[in-house]
Each structure stands twice: as C-alpha cells, then as structure tokens.
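The values are calculated or read from the model by the stated rules, or taken from the named source; none is laboratory data. In this text the structure is predicted, and so the values were computed from the model without any measurement. We place every Cβ from the backbone using ideal geometry, glycine too, and count neighbours over all the protein chains shown.
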Amino acid sequence: MKHLAVFVLFCWCLVALSGCGTSTGPSETDLSAGNGFRIRIAVSATQLVTGGSIQVYASVFDDQNQPVSDDTVPVIFSASEQGITWTSTGAGAEKLIGGEATAVMKWEDPSSGENAEPSRSCLVTASYRGALAQTEIQLTANSF
C-alpha cells in the first residue's frame, strides 16, 4: 500500500511540474488480473494535443503482490494510433527500477486536409513478461 501512495504522489508531482495545459489530469488503472506478473498503468494526462507529450507509468508486481525488483527485461509501452513516438531513454522499452518504469509519449497528428480527424481515442499499453495493462486517452488535433 505504501508503494501505491508513493506512486500516486509521484504522478501528481510530475503533473504539477510539467504544466499539462489543457489536459484532463492524471489517470490510473486497477492492477491487471490473472496469475503471475501484474501491471498497473497510469498517465499524467488523459488528453494529448498534437505536438504535446505525456508521461506513462507502469508499476509491476509479482505473484506475491510485491513490486518486481530491478530487471534486465524492460517494460514495453505501445499505443494504438499513428503519430506516436516514445521520446524517453529506452524509446518505449523502459528499464524496470524498483517495480516502476516510466516512458514519455509524444504525438504528432499524421492526418491532414480532407482526411483530418478532430479527435480520436488511443489505447496505451504497458506489457511485461506476458502481463499487460491498458488505459485510454484522447488525441486532439490543433486545428479543431
């Protein structure tokens, strides 16, 4: 429980320091279900405007519900929409340190002209050794 409280406080501090502008604030999922490793995913904002970035956090727990200690196997972050890049150190394959991994997700809207989309949902995923967790954010183009 202590790790959860520290994790939530860490998320809020990053949001306050990063100045998310028009974001709708941080969001966190429940711990993924199943046996073995389990993941909780959180984002610093649930809305991302083209050209902007958000932080994505993963907390990984073992089958004893303990944070996974440092591991050479990275947490893999991915997203369902085009135009997403991972600008953190591991480019979306981030080191697990003390049961936590953090990635920076940037989005540039690839749509334009008659095919421009004003807003769309994006599924953000964190996976580790077969376990995964997902959360949804909104992507918004500047021109809308």
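Descriptive notes on the structure:
- Subset tally (residues that are in a strand (DSSP E or B) and more than 11 Å from the chain's Cα centre (by Cα)) for region 93-105: 6
- Scanning region 121-142 for residues that are assigned to a strand (DSSP E or B) and of a type in the set (D, E, K, R) yields a count of 1.
- Within region 55-70, the set of residues being more than 14 Å from Arg38 (Cβ to Cβ) and buried (at least 19 other Cβ atoms within 10 Å of the Cβ) comprises Gln55, Val56, Tyr57.
- Looking across region 43-61 at every residue that is closer than 18 Å to Asp109 by Cα and of a type outside the set (S, T, N, Q), the one that is nearest to the chain's Cα centre (by Cα) is identified as Ile54.
- Restricting region 106-120 to residues that are touching a Ser or Thr at 6+ places or on another chain (Cβ under 7 Å) and assigned to a strand (DSSP E or B), the residue that is modelled with the lowest pLDDT is Ser119.
- If you go through region 64-79 and keep only what is part of a strand (DSSP E or B) and touching a Leu at 6+ places or on another chain (Cβ under 8 Å), you end up with Asp71, Val73, Pro74, Val75, Ala79.
- Subset of region 71-104 that is free of Cβ contacts under 8 Å to residues at least 24 places away in the same chain and at positive phi - its residue that is surrounded by the fewest Cβ atoms within 10 Å (Cβ to Cβ): Ala91
- Restricting region 80-92 to residues that are part of a strand (DSSP E or B) and among the hydrophobic types (A, V, I, L, M, F, W, C), the residue that is farthest from Gln55 (Cα to Cα): Ile84
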